[in-house]
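The structure appears right after this line, and notes come after that.
The values are calculated or read from the model by the stated rules, or taken from the named source; none is laboratory data. All values derive from a computational prediction rather than experimental measurement. Heads up, the Cβs are rebuilt from the backbone with ideal geometry, glycines too, and the neighbour counts pull from every protein chain shown. Heads up: the accessible areas ignore ligands, DNA and RNA and are worked out on the full protein's heavy atoms, side chains in. Shrake-Rupley method; radii C 1.70, N 1.55, O 1.52, S 1.80 Å.
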Amino acid sequence: MFFEPAKRDPALRFDPVKAIIAPRPVGWISTIGKCGTVNLAPYSFFNMFSTQPAIVGFSSEGMKDSPSFAAETGGFVCNLATCDLREAMNETS
């Protein structure tokens with residue numbers, strides 16, 4: 001089967017590209033905007049890309065608070081939500 005993401009078949013209920021990596025780890029991304037506003041949000045498009053240098057990243061579909069604040073201040077913190085924190089993490093989504 002040949003699949004072109006840009007020419008997605010409208011008959012497909014879900015985007016198959018999002019299922020290529022499964023299960024996706026969830027990064028609980030915390031950021032602070034220049035105005036001092038704190039944001040905490042889960043991102044399943046997150047991962048470690050290199051160890052030398054250490055590079056961790058996340059991606060957002062749209063310019064939401066997390067990427068906006070990270071762009072404003074130049075930083076973010078990636079936390080891993082453990083099983084006992086799953087309810088709290090879901091509340092931040």
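Please report the relative contact order for the chain, taking Cα pairs under 8 Å with a sequence separation of at least 6, and give it as a percent rounded to a whole number. Can you show the working numbers first?
On the way: 114 pairs, mean separation 27.0, N = 93.
In percent, rounded to a whole number, it is 29.
Where the eigenvalues come from the Cα gyration tensor of region 1-44, what are the semi-axes √(5λ) of the equivalent ellipsoid, largest first, in whole Å?
On the way: eigenvalues 224, 36, 13 Å².
Whole-Å semi-axes of the equivalent ellipsoid: 33, 13, 8.
With N residues in the chain, what two-decimal value do you get for its Cα radius of gyration over 2.2 N^0.38 Å? Provide the component values of the computation, followed by the final result.
Values: Rg = 15.6 Å, N = 93, 2.2 N^0.38 = 12.3 Å.
In units of the 2.2 N^0.38 Å rule of thumb, it is 1.27.
Over the chain, give the accessible area per residue in Å² for a 1.4 Å probe, as an integer. Please report the intermediate quantities before stating the final value.
On the way: 6960 Å² over 93 residues.
That works out to 75 Å² for each residue.
Which whole-number percent of Cα pairs in region 43-93 have a distance greater than 14 Å?
62 percent
Could you pull out every one of the lysines with an alpha carbon less than 25 Å from that of Lys7, ignoring same-chain neighbours closer than 8 positions?
The qualifying lysines are Lys18.
Counting only protein heavy atoms, what percent of the accessible surface of the chain is carbon or sulfur at a 1.4 Å probe?
Working: 4130 of 6960 Å².
About 59 percent, which is the carbon plus sulfur part of the accessible surface.
So what's the net charge close to Pro5: Lys and Arg +1, Asp and Glu -1, counting the other residues with Cβ under 11 Å from its Cβ?
Working: positive: Lys7, Arg8, Lys18; negative: Glu4, Asp9, Asp15.
The answer is 0.
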